[in-house]
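The values are calculated or read from the model by the stated rules, or taken from the named source; none is laboratory data. Worth saying up front: this structure is predicted, and the values here are computed from it rather than measured. Glycine gets a Cβ as well: all are built from the backbone with ideal geometry, and neighbour counts include every protein chain shown.
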Amino acid sequence: MIHFVLLISRQGKVRLTKWYSPYSQKERTKVIRELSGVILTRGPKLCNFVEWRGFKVVYKRYASLYFCMCIDQDDNELEILEIIHHYVEILDRYFGSVCELDLIFNFHKAYYILDELLIAGELQESSKKTVARLIAAQDSLVETAKEQASSISNIIAQATK
Amino acid sequence: MNPFSSGTRLRDMIRAIRACKTAAEERAVVRKECAAIRAAINENDQDYRHRNLAKLMFIHMLGYPTHFGQMECLKLIASAGFPEKRIGYLGLMLLLDERQEVLMLVTNSLKQDLNHSNQYIVGLALCALGNICSAEMARDLAPEVERLLQFRDPNVRKKAALCSIRIIKKVPDLAENFINPASSLLKEKHHGVLITGVQLCMDLCKVSSEALEYVRKKCIEGLVKTLRDIANSPYSPEYDIAGITDPFLHIRLLKLLRILGQGDADASDCMNDILAQVATKTESKKNAGNAILYECVETIMSIEDNGGLRVLAINILGRFLSNRDNNIRYVALNMLMKAIVVDAQAVQRHRATILECVKDSDASIRKRALELVYLLVNESNVKPLTKELIEYLEVSDQEFKGDLTAKICSLVEKFSPEKIWYIDQMLKVLSEAGNFVKDEVWHALIVVISNASDLHGYTVRALYRAFQTSTEQESLVRVAVWCIGEYGDMLVNNVGMLDIEEPITVTESDTVDAVEVAIKRHTLDLTTKAMALIALLKLSSRFPSCSERIKDIIVQNKRSLMLELQQRSIEFNCILQKHQNIRSALLERMPVLDEATFSGRRAGSLHTAISTSTGAPHNLQNGIAKPAAAPIADLLDLSSDDAAAPSSSGGDFLMDLLGVDLSPASAPSGTSQPPKAGTDVLLDLLSIGTSPPAQSSSSASDILSSSQDNKAPLANLNGLASLSSLPANATSPASPVPMMDLLDGLGPIPQKHEENGPAYPSLVAYESSSLRMTFNFSKQPGNPQMTLIQATFTNLSPNVYNDFLFQAAVPKFLQLHLDPASSNTLPASGNGSITQNLKVTNSQQGKEP
């Protein structure tokens, strides 16, 4: 299984973290610091796998962001590379040419998409179209709710004036 | 209304934080925001709860503490609207982890949401549950999740499947409930449900063998068919990745087939065709194809044997290994480690490529390749492989050196065909990377050196040469100093030159120079300096002309701040000045260290046989080696010539070696043999197997040894084990070894003592700074065959020994009976003692052996 997902920028700033195994807050900061050190210093031509604390960490660099996933020893590393790419493509379709700034200002949306892709550290859906459809459906639910709320609060504001 | 309660929008806050130029600025902004959020929480603000939680999550990602927001998540989850629940669950998953008790409060909300009419809300609940539920929550909500496995919407079904995985991992007992619904998921058409269903079955099979049986019986054909369909399916835009339809599904199915086929020949038969098809037809130009091939090869290697498939798999491996892509090569090395178990021959063919990988610039690949090389070594290829590895050691970088050194040392030890090669390789490693070499490795080297009596001259000369160039490698210095001390005379007199050596002139004062360097260098540590001191003492005995100079050097350490050095220098100075008469006997060449004892102790077990025979390739790996000549027989043979003499001369010499002056005690036996013969006797006794007059006798003796608990001080004493924390660590690493072996040899000797000699002096069987054993002998009148020994143990160290256990073993013609000891606890510092009675019966009393 995937134990955690980490998105870090080239400067070491954390853009997204998702933990599927129990790590306390302190342990989480420690892990992030350690892994940042290991991964950010690796050269460009080297392979995308790092052995760390008995686990394997698969990472892939997209522009200025490193997408890292920590897996067990007996998992298929090449498949995880595909999963990372899957996620990036979905993000790309959703945001339209996604860049790091999109992920900073819309981090909650990035999380929602990740939740449609992975649960309990396992892959959930292999079709980008389905994921996009589900996210769109939920977004529209949010939109409708917002519209309703604003119209109701207008009415109330009017009524209580 | 508080003007701050509307607060900034999320976007604005993020912008503000990003605009901060210093950490202090950022902290200020965050503090202000947190204050506003806390105020809003206190006022139970409904409108902006959503936005506040989003802000909190961002602040959390920056690394600031946000525990005050945890209850907000719960409130949001409990609200009715979808947007609130969405962000509430997200906050829950981010800000909390399963160990927090607050999580339990969500259980009720989760239960309600799992039964909600809106399938997206059900989805949210399943997602949260699947990511962070604890064991209690899992138990509570398992029935709901089980029901949802058959929900009408595939979106919910797939989420329920993954949620179930977490549940059965947390509470394996519940696995039985999920077997039926999980296997029905395997018949679905929806890819998402299939993927998650397959994953659920995999985890079920791992957790419950019942599930494994069930799935094997009922579902294999279905799975094979599904894989075939997907492999043969035409282009599908929705699932296509790099020309392959849904590689994720391919891989999951292959994984599940692996679990089902492992250990079951019928199941493995079912899947042969489809595995062959996938292995041959899958395109390997893109990563997706390679991922599938990787999984396929793993499966083929794990299931029951099918020759054709295995060949296919090894071919794919070969292709991967020569791929230029680093990822593929890494994966290939991984696969090869599994393949070795299955087909070592095929892997040997790729040895050259693997060796290249050890030198790769990529650290991950290097590590994998090194492990693989280690598995590949056997007797025939050990020499060239070691040569390559040692060459690489010189150019490798620091982090890798430690690993590499450890592996080379263990390879050399396991497979070395002859001693001279072993010594050569170890010298090279020590010169190159001595600081990375572990203690037990150079201890083993010393044991081997002492056993290779014909190579003593060669070794000491080689070490001397190496020592001139690499004095910063600690272990090299230690071994060199020990050898120079022991065999210094061979060095100066060029004894035992082998053909391959070049002549080297070393004078006596050169050797003293060398050892002096070891003492003077401040970078070398206590152990090395202590060993150097004792080496100097030995040299003073071997080269009397340098005695004065040596005395000066030793005296310099009299005021050393390190207790060990001070003690030694004072004691040695004393020996040099006052005890000239026993000095030469004291510093005789050390008896050969018993390899089997050493390796057995290293293996941490009480070993039962004595070491290797001469000439055979020595194998330190297991202390159990071929039964060798019994030195005890040697002793008895000698004793047949002269009944009284050898025993006591042996006794004399043992005492000399221990450095204890017992001349009056053993004199009455009237020894006529000079100590030299005693040396031979002892050497025979201890150089078990490597001395020429090996009388083959079938009595393999067991070696006297003490129990595990007592091992610590004894092991400490011989220093061959790691220097542990006994405080008065006064004994040097090198010298006490004979005590151990003497202990080994002592068992039979005292028995021999009283069988043959008329007088039965009591004998100090063993003495060191922490333990003394005394044997008092007596014979019952009228029963000359039986000897009673009363053994007294005194603890000379400041530590109390608990669970002290004495064991003894004897050659076959003797019978031993041990009475229980008077107690198990040996008080410290000689405050009390334990006594134990032994009865030894000699069935060959008075007969010629």
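Would you tally the residues in the range B:80-102 being away from chain A (no Cβ under 11 Å) and at pLDDT 90 or above? Even if it seems obvious, please write down each step before you answer.
As a first pass, look at the range B:80-102 and keep what is away from chain A (no Cβ under 11 Å): B:88, B:92, B:101-102.
Adding the requirement that they be at pLDDT 90 or above leaves B:88, B:92.
Counting residues in the range B:80-102 that are away from chain A (no Cβ under 11 Å) and at pLDDT 90 or above gives 2.
State yes or no: is residue A:90 of a type in the set (A, V, I, L, M, F, W, C), in contact with a Phe, Trp or Tyr (Cβ under 9 Å, 6 or more places away or on another chain) and either under 21 Å from residue B:131 (Cβ atoms) or away from every other protein chain (no Cβ under 11 Å) (or both)? Give the steps one after another, and end with the answer.
Working: of a type in the set (A, V, I, L, M, F, W, C): yes; in contact with a Phe, Trp or Tyr (Cβ under 9 Å, 6 or more places away or on another chain): no; either under 21 Å from residue B:131 (Cβ atoms) or away from every other protein chain (no Cβ under 11 Å) (or both): yes.
Against the criterion (of a type in the set (A, V, I, L, M, F, W, C), in contact with a Phe, Trp or Tyr (Cβ under 9 Å, 6 or more places away or on another chain) and either under 21 Å from residue B:131 (Cβ atoms) or away from every other protein chain (no Cβ under 11 Å) (or both)), residue A:90 does not qualify.
Of all the residues that make up the range B:248-284, how many are within 13 Å of chain A (Cβ to nearest Cβ) and over 15 Å from residue B:223 (Cα atoms)?
3
Sort through B:347, B:342 and tell me the only one that's aliphatic (A, V, I, L, M), farther than 20 Å from residue B:410 by Cα and at pLDDT below 80.
Details: B:347 fails: at pLDDT below 80.
Sole residue among the options that is aliphatic (A, V, I, L, M), farther than 20 Å from residue B:410 by Cα and at pLDDT below 80: B:342.
Would you please list the contacts, defined by Cβ atoms under 7 Å and residues six or more apart or on different chains, that run from a residue in the range A:36-53 that is away from chain B (no Cβ under 11 Å) to a residue that is assigned to a loop (DSSP other than H, G, I, E, B)?
Filtered contacts from the range A:36-53: A:36/A:12; A:40/A:10; A:40/A:12.
Which of the helices (runs of 4 or more DSSP H) contained wholly in the range B:396-461 include at least 3 residues that are among the charged types (D, E, K, R)? Talk me through it step by step, then tell me what you get.
Working: elements: B:398-415, B:419-433, B:439-451.
Correct list: B:398-415, B:419-433.
Name the one entry in B:512, B:492, B:441 that is in contact with a Lys or Arg (Cβ under 9 Å, 6 or more places away or on another chain), over 17 Å from residue B:589 (Cβ atoms) and assigned by the TED database to the domain that holds residue B:424. Walk me through how you get there before you give the answer.
Working: B:492 fails: over 17 Å from residue B:589 (Cβ atoms); B:441 fails: in contact with a Lys or Arg (Cβ under 9 Å, 6 or more places away or on another chain).
Of B:512, B:492, B:441, the one residue that is in contact with a Lys or Arg (Cβ under 9 Å, 6 or more places away or on another chain), over 17 Å from residue B:589 (Cβ atoms) and assigned by the TED database to the domain that holds residue B:424 is B:512.
Got a sec? Which of A:144, A:160 is more than 25 Å from the chain's Cα centre (by Cα), surrounded by fewer than 13 Cβ atoms within 10 Å (Cβ to Cβ) and modelled with pLDDT of 90 or more?
A:144
Would you mention how many residues in the range B:159-190 are surrounded by 24 or more Cβ atoms within 10 Å (Cβ to Cβ) and farther than 23 Å from residue B:116 by Cβ?
Total meeting the criteria: 2.
Does the range B:551-562 include one or more residues that are among the charged types (D, E, K, R), closer than 21 Å to residue B:430 by Cα and surrounded by fewer than 19 Cβ atoms within 10 Å (Cβ to Cβ)? Full working, then the answer.
If we filter the range B:551-562 for residues that are among the charged types (D, E, K, R), which is where we start, we get B:551-552, B:558-559.
Now restrict to residues that are closer than 21 Å to residue B:430 by Cα: none.
Looking for residues that are among the charged types (D, E, K, R), closer than 21 Å to residue B:430 by Cα and surrounded by fewer than 19 Cβ atoms within 10 Å (Cβ to Cβ), one finds none in the range B:551-562, hence no.
So, of the residues in the range B:28-60 that are free of Cβ contacts under 8 Å to residues at least 24 places away in the same chain and farther than 28 Å from residue A:147 by Cα, which turns out to be surrounded by the most Cβ atoms within 10 Å (Cβ to Cβ)? Even if it seems obvious, please write down each step before you answer.
Step one: of the range B:28-60, the residues free of Cβ contacts under 8 Å to residues at least 24 places away in the same chain are B:28-29, B:31-32, B:35, B:42, B:44, B:46-47.
Now restrict to residues that are farther than 28 Å from residue A:147 by Cα: B:28-29, B:31-32, B:35.
Numbers: B:28: 12, B:29: 17, B:31: 12, B:32: 15, B:35: 11.
Step by step, filter the range B:28-60, then rank; the result is B:29.
Looking only at the range B:203-210, decide whether some residue is within 39 Å of the chain's Cα centre (by Cα), charged (D, E, K, R), within 13 Å of chain A (Cβ to nearest Cβ) and more than 24 Å from residue B:269 (Cα to Cα).
Quick first cut of the range B:203-210, residues within 39 Å of the chain's Cα centre (by Cα) only: B:203-210.
Going one step further and asking which of them are charged (D, E, K, R), we end up with B:203, B:206, B:210.
From what is left, the residues that are within 13 Å of chain A (Cβ to nearest Cβ) are B:203, B:206.
After this cut, where a residue has to be more than 24 Å from residue B:269 (Cα to Cα) as well, the list is none.
Among the residues of the range B:203-210, not one is within 39 Å of the chain's Cα centre (by Cα), charged (D, E, K, R), within 13 Å of chain A (Cβ to nearest Cβ) and more than 24 Å from residue B:269 (Cα to Cα), which makes the answer no.
For the range A:1-35, give me each residue that is touching a residue at least 60 places away in the same chain (Cβ under 8 Å), surrounded by fewer than 19 Cβ atoms within 10 Å (Cβ to Cβ) and within 11 Å of chain B (Cβ to nearest Cβ).
Answer for the range A:1-35, where residues must be touching a residue at least 60 places away in the same chain (Cβ under 8 Å), surrounded by fewer than 19 Cβ atoms within 10 Å (Cβ to Cβ) and within 11 Å of chain B (Cβ to nearest Cβ): A:1, A:15, A:16, A:21.
I'm trying to understand the selection: among the residues of the range B:90-145, which are small (Gly, Ala, Ser) and not in a helix (DSSP H, G or I)? If you could, list the steps in order and put the result at the bottom.
Quick first cut of the range B:90-145, residues small (Gly, Ala, Ser) only: B:91, B:109, B:117, B:123, B:125, B:128, B:130, B:134-135, B:138, B:142.
Within the range B:90-145, B:117, B:134 qualify.
Quick check on the range A:121-140: of everything there that is farther than 29 Å from residue B:12 by Cα, of a type in the set (S, T, N, Q) and touching a Leu at 6+ places or on another chain (Cβ under 9 Å), which residue is nearest to the other protein chains (Cβ to nearest Cβ)?
First, pick out the residues of the range A:121-140 that are farther than 29 Å from residue B:12 by Cα: A:121-131, A:133.
So of that shortlist, the ones also of a type in the set (S, T, N, Q) come out as A:124, A:126-127, A:130.
Subsequent filtering for residues that are touching a Leu at 6+ places or on another chain (Cβ under 9 Å) retains A:124, A:126.
Details: A:124: 6, A:126: 4 Å.
Within the range A:121-140, the match that is nearest to the other protein chains (Cβ to nearest Cβ) is A:126.
Any residue in the range A:105-120 that is surrounded by fewer than 16 Cβ atoms within 10 Å (Cβ to Cβ), free of Cβ contacts under 8 Å to residues at least 60 places away in the same chain and more than 7 Å from chain B (Cβ to nearest Cβ)?
For the range A:105-120, residues surrounded by fewer than 16 Cβ atoms within 10 Å (Cβ to Cβ), free of Cβ contacts under 8 Å to residues at least 60 places away in the same chain and more than 7 Å from chain B (Cβ to nearest Cβ): absent.
Scan the range B:243-264 and tell me whether some residue there is surrounded by fewer than 21 Cβ atoms within 10 Å (Cβ to Cβ), acidic (Asp, Glu) and closer than 17 Å to residue B:289 by Cβ.
No, the range B:243-264 contains no residue that is surrounded by fewer than 21 Cβ atoms within 10 Å (Cβ to Cβ), acidic (Asp, Glu) and closer than 17 Å to residue B:289 by Cβ.
Looking for something of a type outside the set (Phe, Trp, Tyr), closer than 24 Å to residue A:23 by Cβ and at pLDDT below 90 - is there at least one such residue anywhere in the range B:116-132?
Yes - at least one qualifying residue is present in the range B:116-132.
Of the numbered conditions (1) within 11 Å of chain B (Cβ to nearest Cβ); (2) touching a His at 6+ places or on another chain (Cβ under 9 Å); (3) buried (at least 17 other Cβ atoms within 10 Å of the Cβ), residue A:82 satisfies every one except a single condition; which is it?
(2)
Return yes or no: is residue B:252 in a loop (DSSP other than H, G, I, E, B) and under 37 Å from the mean Cα position of the chain (by Cα)? So that I can check it myself, show each step before the final result.
Working: in a loop (DSSP other than H, G, I, E, B): no; under 37 Å from the mean Cα position of the chain (by Cα): yes.
Taking the combined requirement at face value, the residue does not satisfy it.
Tell me the residue from B:315, B:323 that is surrounded by fewer than 16 Cβ atoms within 10 Å (Cβ to Cβ), closer than 19 Å to residue B:283 by Cα and within 14 Å of chain A (Cβ to nearest Cβ), please. Full working, then the answer.
Values: B:315 fails: within 14 Å of chain A (Cβ to nearest Cβ).
Answer to the check: B:323.
Which residue, of B:168, B:230, B:179, is in a helix (DSSP H, G or I), free of Cβ contacts under 8 Å to residues at least 24 places away in the same chain and touching a helix residue (DSSP H, G or I) at 6+ places or on another chain (Cβ under 7 Å)?
On the way: B:168 fails: free of Cβ contacts under 8 Å to residues at least 24 places away in the same chain; B:179 fails: free of Cβ contacts under 8 Å to residues at least 24 places away in the same chain.
Going through B:168, B:230, B:179 in turn, just one is in a helix (DSSP H, G or I), free of Cβ contacts under 8 Å to residues at least 24 places away in the same chain and touching a helix residue (DSSP H, G or I) at 6+ places or on another chain (Cβ under 7 Å): B:230.
Given the condition within 19 Å of residue B:571 (Cα to Cα), out of contact with any Asp or Glu (no Cβ under 7 Å at 6 or more places or on another chain), buried (at least 22 other Cβ atoms within 10 Å of the Cβ) and touching a residue at least 40 places away in the same chain (Cβ under 8 Å), answer yes or no: does some residue in the range B:487-506 qualify? Walk me through it before giving the result.
Filtering the range B:487-506 for residues within 19 Å of residue B:571 (Cα to Cα) gives none.
No, the conditions are met nowhere in the range B:487-506.
Which one of these is at pLDDT 95 or above and of a type outside the set (Phe, Trp, Tyr): A:88, A:38?
Answer to the check: A:88.
Being of a type in the set (Val, Ile, Thr), buried (at least 20 other Cβ atoms within 10 Å of the Cβ), in contact with a helix residue (DSSP H, G or I) (Cβ under 7 Å, 6 or more places away or on another chain) and away from chain A (no Cβ under 14 Å) is true for just one of B:156, B:193, B:215, B:198. Which residue is that? First the steps, then the outcome.
On the way: B:156 fails: away from chain A (no Cβ under 14 Å); B:193 fails: away from chain A (no Cβ under 14 Å); B:198 fails: away from chain A (no Cβ under 14 Å).
It is B:215.
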